[in-house]
Structures are given as C-alpha cells and as structure tokens.
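Peer 1: Here you go, one structure.
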C-alpha cells in the first residue's frame, strides 16, 4: 500500500481512501445518516415555513427587517428563516449520529462541546451552500421550492462530507500512530 503523508496532496489522499474502501464506507454511512437528517431538515423546514406563512406578525416583521437592512426581499428572508431553523435541528442530529457511527473511531464515540462547535462551524459552509442553492434555484431558476430544497441538500452534502472527513473528524496524529503500531 502506498503511503501518503499527512500533509500530502488532498486529491491523492482522497483517491487512496476510496481505493482502500475506508472513505467509501464513511461516505455511505454519512449518506445514510444524511438521509435521516435530510428528512428531519425537510420536515422542519416545511413546518417552519408553513407556520411563518400563517403568522401575519412574523411576516410583517420579516418585511420590516428586509426594508430596514436592505439585505434582501421579504420573500428571500421568508425562505432563509425556516431554512436556518431546520438546519440547526438537523446539524445537531447529524453531529450526534456521525460522532457515534460514521466517525466513531476518530471521536471515540464521545460527544464533546468543542467538537460540536467545530462541527457547527464547518457546517456553516454547508449551510451557505444549501441556502445559496435554495435561493438561486427557487428565485432565479424558478424551480418549485420543494425541488429547490432537494437541489440545495445535494450541494450541501458534498461540502459537509468533505469538511467532516478532512477537518472535523480527521485522524489525529496520536491516533494515527497508535493504529500504525497495531498493524
């Protein structure tokens, strides 16, 4: 087996991981957990959006906020607000399940506040990819919102898995040395 240094070229490391199966198993379990979290995200998004649309006070507040900050239209903010709510719920579930299953060896199946906040920070890139894709798909490409949300989920999967594997749950040097001694 060819060894690639810890500081090696990322595509070479990615190819080696896929070649030897470890990364493909992680991607598969990450995807399965993602299906659960996507269902949660999607349901919470739809419920939050419906609740927002049925609440005139919230809609008027969003309209006032959009006018005051000049940060988008009320329609855009009415998509972003429930998307943020659904993301927070889903990212928490994702951290718990991925720490316990997908990246169990790296996390020792322990939930840590620091790792959770790192996971959230890394997940912000996925959230930005998700939200940007949602807004562009719904408002520029004029896709139905439910289709736009599906496209947004696919975009965020790529970003979230990459950051989880290479940043959040990367094998620490000590753990890598222990594994090397065992083999």
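FYI, it's all coordinate maths here, none of it is from the lab. Quick caveat, the model's predicted, so the values are computed rather than measured. Positions of Cβ are generated from backbone atoms using ideal geometry, with glycine treated the same way; all protein chains shown enter the neighbour counts.
Peer 1: May I ask you to compute the full-extension gain from residue 61 to residue 28, defined as 0.36 nm times their residue separation minus their alpha-carbon distance, rounded to one decimal in nm? Let's see the in-between values first.
Peer 2: On the way: separation 33, 0.36 × 33 = 11.88 nm, distance 4.19 nm.
Separation in residues times 0.36 nm, less the Cα-Cα distance, equals 7.7 nm.
Peer 1: Between residue 101 and residue 69, what is the FRET efficiency for a Förster distance of 30 Å, r being their Cβ-Cβ separation, to the nearest 0.05? Can you show the working numbers first?
Peer 2: On the way: r = 40 Å, r/R0 = 1.35.
Between residue 101 and residue 69 the formula returns 0.15.
Peer 1: What ratio of Cα Rg to 2.2 N^0.38 Å holds for segment 67-157?
Peer 2: Values: Rg = 15.4 Å, N = 91, 2.2 N^0.38 = 12.2 Å.
In units of the 2.2 N^0.38 Å rule of thumb, it is 1.26.
Peer 1: Moving on to the next point. When you count, for each residue, the other Cβ atoms within 10 Å and take the mean per peptide, how do 37-44, 88-95 rank with the highest first? Could you put the intermediate results ahead of the total?
Peer 2: On the way: 37-44: 18.1, 88-95: 19.8.
The densest-packed peptide leads the list: 88-95, 37-44.
Peer 1: With a 10 Å Cβ neighbour count serving as the proxy for reagent exposure, in which order, fewest first, do 164, 100, 107, 156 appear?
Peer 2: Values: 164 23, 100 14, 107 19, 156 26.
Lowest to highest Cβ neighbour count: 100, 107, 164, 156.
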